[in-house]
Amino acid sequence: MANVRGCNLPDDLYYLVEKHVWAKPMDGGILRVGITAVAAKLSGGKLAAITVKAKNIGQEVMQGKSLATIESSKFVGPVPTPVTGVVLRANEKLATDPNLAVSDPYGEGWVAEIQASNWDGEKGTLVTGAEGVAAYQAKLEADNITCS
Amino acid sequence: MADDKVMIIMTSGPDTPHRCATPFFFASLAVAMENEVTMFFTIDGTLLLKKGMAETVYPKAGGKAVSGFLQDAMDAGVTFLACTASMELHDLKEEDLIDGVKMVGGATMWQVAEDCKTVLTF
């Protein structure tokens, strides 16, 4: 787990840095996706809801399109999907405790699981490993974002 | 009728500050859900589009001004339409309104409403 400007950024995840979301390959071509610690910080730190659009379940959502929405008292915005794929299920725990996405964004606070449509093709559009963390660091520095 | 278009008709204004944040919040939320969103301002809602006005309206004491919610919605890509008749009601001219607002007649409201799957009124 790398710590960049106060933000925890595991180097085993794939990031869509511009959108502050991550993807983690699971078994069978399934990807677990969620928001990063940076997104949690930018949303105000205390969330009112994270809602996966019900219509998206069982449907293919294109990379960068809205998978879910995130709401706090002062902010509302989309959670774009980092990969194209069919949405298999939402993390039901977020319905009762959206702040899991803040306290444990890479664990219990994941947002959805997706059957990737073109993981091999899209993998290269995401960043990962030490290089990925460095790319994310550059974004945080450029935008002057810190999580602490 | 398009299944990704929604409309919010805003009639509440500075006299009822507690009614003035949620409509903008819902508009931003609808954009985040991949909808094309139009806000139509009429009756007292139009007053919120007067330059400098939304900055003075606070839904919650010590909280975020309506201007912040309004700007979030505008930044998200919500279309802002102001009713010309309500501008006359409040003696407002086009130059009195903030940038990014289009003035239209009531018939446009009906045309947009007929093209939307959902219309909310506040």
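The values are calculated or read from the model by the stated rules, or taken from the named source; none is laboratory data. Note that the structure is predicted; figures quoted are calculated from it, not measured. Note that we place each Cβ from the backbone using ideal geometry, even for glycine, and neighbour counts take in every protein chain shown.
Some notes on this structure:
- Listed here are the strands (runs of 3 or more DSSP E) enclosed by the range A:63-148 that have at least 2 residues being free of Cβ contacts under 8 Å to residues at least 40 places away in the same chain, within 14 Å of chain B (Cβ to nearest Cβ) and among the β-branched types (Val, Ile, Thr): A:66-72.
- Of all residues making up the range A:29-50, the number that are more than 15 Å from the chain's Cα centre (by Cα), hydrophobic (A, V, I, L, M, F, W, C) and in a helix (DSSP H, G or I): 0
- Checked against (1) surrounded by 12 or more Cβ atoms within 10 Å (Cβ to Cβ); (2) under 24 Å from A:Gly44 (Cβ atoms), A:Val87 passes all but condition (2).
- Total residues in the range B:107-122, condition more than 19 Å from B:Pro23 (Cβ to Cβ) and either free of Cβ contacts under 8 Å to residues at least 60 places away in the same chain or not in a helix (DSSP H, G or I) (or both): 4
- Residue ID - farthest from B:Pro14 (Cα to Cα), chosen from residues in the range B:91-122 that are of a type outside the set (A, V, I, L, M) and touching a Ser or Thr at 6+ places or on another chain (Cβ under 6 Å): B:Gly105
- Residue satisfying all of: in the range B:18-42; part of a helix (DSSP H, G or I) and more than 12 Å from chain A (Cβ to nearest Cβ); surrounded by the most Cβ atoms within 10 Å (Cβ to Cβ) among these: B:Pro23
- Candidate set from the range A:39-62 (those that are polar (S, T, N, Q) and buried (at least 20 other Cβ atoms within 10 Å of the Cβ)); member that is farthest from B:Glu36 (Cα to Cα): A:Ser43
- Members of the range B:43-86 that are more than 12 Å from chain A (Cβ to nearest Cβ), assigned to a loop (DSSP other than H, G, I, E, B) and buried (at least 21 other Cβ atoms within 10 Å of the Cβ): B:Val57
- Breaking point among (1) farther than 14 Å from A:Gly132 by Cβ; (2) within 14 Å of chain B (Cβ to nearest Cβ); (3) modelled with pLDDT of 95 or more, for A:Lys53: (3)
- Failed item in (1) over 12 Å from the mean Cα position of the chain (by Cα); (2) touching a residue at least 12 places away in the same chain (Cβ under 8 Å), with A:Lys55 passing the rest: (2)
- The condition of being of a type in the set (A, V, I, L, M), in contact with a strand residue (DSSP E or B) (Cβ under 9 Å, 6 or more places away or on another chain) and modelled with pLDDT under 95 holds for only one of A:Ala95, A:Ala90, A:Ala112, that being A:Ala95.
- Contacts under 8 angstrom Cβ, first residue in the range B:69-87 being over 12 Å from B:Phe40 (Cα atoms), partner of a type in the set (Ser, Thr, Tyr), 6 or more apart: B:Phe69/B:Ser28; B:Asp72/B:Ser28; B:Ala73/B:Ser28; B:Ala76/B:Ser28; B:Ala85/B:Thr42; B:Met87/B:Thr46
- Verdict on A:Gly28 being surrounded by fewer than 16 Cβ atoms within 10 Å (Cβ to Cβ) and touching a strand residue (DSSP E or B) at 6+ places or on another chain (Cβ under 7 Å): no
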